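Comments concern the structure below.
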Amino acid sequence: MADEKVMMGREPLIEHEKTKSIKQILLKSIAGVLLVGFACYLFLDSFTSLTPETEINSLPLEKAVNEQHPKKEVCDVSTGEWIPNPSGPIYTNATCNHIQNHQNCMKNGRPDTGYLYWRWKPSNCDLPPFDPVKFLNKMRDKSWVFIGDSIFRNHFQSLTCMLSKVEELVETYHDSAYRCQTLFSPNYNFTLAVIWAPYLVQYESIDSETLNIHLDILDSKWSSEYNKYDYVVISGGQWFYRSAIMYENNKAVGCHNCPYENLRELGVVEPYRKALQLTLNFMARAEHKPFVIFRTWTPDHFEYGKWYNGGICNRTEPFKEGEINGYPVDLVMRNTEVEEFGKAAAIGERNGVRMELLDTYHLSLLRPDGHPGPYRTYHPFDGDKKKKVQNDCLHWCLPGPIDTWNELLMKMVINGDDHDSISALS
Ligand SMILES: *[C@@H]1O[C@H](CO)[C@@H](O)[C@H](O)[C@H]1NC(C)=O
Ligand SMILES: *[C@@H]1O[C@H](CO)[C@@H](O)[C@H](O)[C@H]1NC(C)=O
Ligand SMILES: *[C@@H]1O[C@H](CO)[C@@H](O)[C@H](O)[C@H]1NC(C)=O
């Protein structure tokens with residue numbers, strides 16, 4: 001019975017590899033448990049021993065079928081296709097010194113460059129290229145913060161690289177692990193910060209095995225800084241795959257993946273939903289009313305295995321529409337975000353808080369070629385072409401497809417305010 005559910009629930013990543021995937025699924029369901037754990041990279045630098053395992057049975061999979069499109073905007077940038085872009089990215093590894101080594105695919109020796117020459121074409125309109133001069137002019141005297149996990153640092157660095165075409169931002173703050181960082185543009189009096197808050201809510205690591213998450217307390221790392229910013233970009237999710245004990249009212253209410261505790265298994269969706277409700281409600285009702293942007297779930301592209309058993313991502317071209325479905329578990333997480341965001345945005349609207357959804361899920365799903373793969377480390381195959389190396393099929397190469405997220409941001413916060421560009425697009 002359980003096996004059946006697993007098989008129905010877990011659609012193969014790639015349609016034309018259905019047979020192979022089903023075989024893999026069968027193997028796993030024999031064991032009775034399906035491991036879902038692409039979040040590893042998010043943890044690698046902070047925890048030593050990890051087994052983010054999720055019983056897919058605990059997820060409400062039927063929701064994945066009814067994918068929702070929440071927006072009533074002029075142009076829905078979340079649907080479209082990747083088309084060739086001969087001019088390539090606006091920066092390179094040589095012009096930007098903010099690229100973290102793990103995402104510096106060019107420097108690390110990635111041999112193919114085709115993945116750099118695509119741009120996102122929304123179905124019913126055009127997405128203008130990122131214009132750093134226009135962006136900085138519009139953002140004079142403004143401050144931005146990105147709140148989330150290491151995917152957000154990836155996004156933040158992409159934005160920094162794009163802006164560095166105009167001005168090198170100077171660092172005014174960083175914590176010891178460079179997880180929280182603030183950059184400043186003296187010429188534009190523009191502040192850009194990133195705050196490490198992978199759960200959005202408070203958590204404590206008790207030891208390398210045990211993590212406590214407080215579903216009813218905001219992570220003060222960001223909430224204490226909230227009033228400083230004019231633009232707040234948030235996202236979350238991947239870390240909820242990690243084993244943890246969940247608390248409300250300082251009492252343990254359940255856990256995820258802790259078979260030896262006498263606690264109810266909560267899965268990943270419900271804890272994530274609670275964390276989102278708390279966070280988004282705070283933002284929708286707060287006295288301080290920045291422009292709030294929620295970025296949706298980010299898909300991984302491991303094939304031939306997962307992150308923990310030799311999975312790789314060696315494709316060199318985008319998928320076309322219809323070639324990939326995505327994992328139901330990803331869709332459930334994204335749909336949970338869309339649902340909770342929609343509820344909070346309605347409250348925000350009544351309170352004069354502008355809240356927008358940056359729906360990067362679909363366009364990112366079509367880019368299996370944009371990840372570092374083995375090139376998360378420097379020249380991984382030097383000396384041994386057959387060497388087994390850990391792949392990263394979750395974060396994105398810089399430059400790379402994640403740069404498009406900033407084009408969407410730009411359209412949302414700048415071009416979106418501009419009546420000429422709206423009528424030109426419609
Ligand atoms: C940029 O990447 C090229 C390979 O594409 C490499 O030769 C060069 O050293 C890199 N430069 C920097 C500054 O990382
Ligand atoms: C810089 O921007 C802040 C608002 O973020 C403002 O209070 C301050 O006066 C500005 N500084 C200058 C020199 O314009
Ligand atoms: C990707 O790797 C798989 C497994 O090693 C191999 O069969 C396939 O040909 C590779 N694809 C490309 C595009 O290199």
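The values are calculated or read from the model by the stated rules, or taken from the named source; none is laboratory data. On a predicted model such as this, the values are computed, not experimentally measured, just so you know. All Cβ positions, glycine included, derive from the backbone under ideal geometry; neighbour counts span all protein chains shown.
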Residues being of a type in the set (A, V, I, L, M, F, W, C) and either within 16 Å of ligand 3 (Cβ to nearest atom) or in contact with a Ser or Thr (Cβ under 6 Å, 6 or more places away or on another chain) (or both) - total across the range 286-335: 6
In the range 127-159, the residues that are surrounded by fewer than 20 Cβ atoms within 10 Å (Cβ to Cβ) and either small (G, A, S) or free of Cβ contacts under 8 Å to residues at least 40 places away in the same chain (or both): V133, S143
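If the requirement is being away from ligand 1 (no atom under 16 Å from the Cβ), surrounded by 17 or more Cβ atoms within 10 Å (Cβ to Cβ) and either more than 19 Å from K221 (Cβ to Cβ) or not assigned by TED's automatic domain parsing to the domain that holds F341 (or both), which of these qualifies: L276, L280, L266?
Values: L276 fails: either more than 19 Å from K221 (Cβ to Cβ) or not assigned by TED's automatic domain parsing to the domain that holds F341 (or both); L280 fails: either more than 19 Å from K221 (Cβ to Cβ) or not assigned by TED's automatic domain parsing to the domain that holds F341 (or both).
Criteria check complete, one pass: L266.
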Members of the range 323-358 that are touching a strand residue (DSSP E or B) at 6+ places or on another chain (Cβ under 9 Å) and at pLDDT below 95: E323, I324, N325
Restricting the range 386-406 to residues that are hydrophobic (A, V, I, L, M, F, W, C) and assigned to a loop (DSSP other than H, G, I, E, B), the residue that is farthest from T92 (Cα to Cα): V389
Residue satisfying all of: in the range 124-172; among the hydrophobic types (A, V, I, L, M, F, W, C) and part of a loop (DSSP other than H, G, I, E, B); farthest from W196 (Cα to Cα) among these: C125
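Matching residues to (1) free of Cβ contacts under 8 Å to residues at least 40 places away in the same chain; (2) crowded, with 22+ Cβ neighbours inside 10 Å; (3) under 22 Å from the mean Cα position of the chain (by Cα); (4) outside the structural domain of M355 (by TED's automatic domain parsing):
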| position | (1), (2), (3), (4) |
| --- | --- |
| S185 | no, no, no, no |
| L215 | no, yes, yes, no |
| S224 | yes, no, no, no |
| G237 | no, yes, yes, no |
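Could you say which residue among F294, F341 is in a strand (DSSP E or B) and either crowded, with 22+ Cβ neighbours inside 10 Å or assigned by TED's automatic domain parsing to the domain that holds K221 (or both)? Please lay out each step first, then the result.
Numbers: F341 fails: in a strand (DSSP E or B).
Result: F294 is the single residue among F294, F341 that is in a strand (DSSP E or B) and either crowded, with 22+ Cβ neighbours inside 10 Å or assigned by TED's automatic domain parsing to the domain that holds K221 (or both).
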Any hit, the range 119-130, residues being assigned by TED's automatic domain parsing to the domain that holds L409, closer than 23 Å to P186 by Cα, more than 16 Å from ligand 2 (Cβ to nearest atom) and within 23 Å of the chain's Cα centre (by Cα): yes
Subset of the range 344-380 [surrounded by fewer than 14 Cβ atoms within 10 Å (Cβ to Cβ) and of a type in the set (F, W, Y)]: Y378
Any chance R334 is closer than 19 Å to G148 by Cα, surrounded by fewer than 21 Cβ atoms within 10 Å (Cβ to Cβ) and touching a helix residue (DSSP H, G or I) at 6+ places or on another chain (Cβ under 7 Å): no
Matching residues, the range 204-243, being modelled with pLDDT under 95 and of a type in the set (A, V, I, L, M, F, W, C): I206, L211, W239, F240
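D369 - would you say it is modelled with pLDDT under 95 and either assigned to a helix (DSSP H, G or I) or hydrophobic (A, V, I, L, M, F, W, C) (or both)? Give the derivation first.
Values: modelled with pLDDT under 95: no; either assigned to a helix (DSSP H, G or I) or hydrophobic (A, V, I, L, M, F, W, C) (or both): yes.
The answer is no for D369.
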Residue match in the range 240-261 (condition: in a loop (DSSP other than H, G, I, E, B), touching a His at 6+ places or on another chain (Cβ under 8 Å) and surrounded by fewer than 21 Cβ atoms within 10 Å (Cβ to Cβ)): yes
Subset of the range 188-213 [assigned to a loop (DSSP other than H, G, I, E, B), touching a residue at least 40 places away in the same chain (Cβ under 8 Å) and not charged (D, E, K, R)]: Y188, N189, A197, P198, Y199, L200, S208
Sole exception among (1) in a loop (DSSP other than H, G, I, E, B); (2) surrounded by 14 or more Cβ atoms within 10 Å (Cβ to Cβ); (3) hydroxyl-bearing (S, T, Y) for S87, by number: (2)
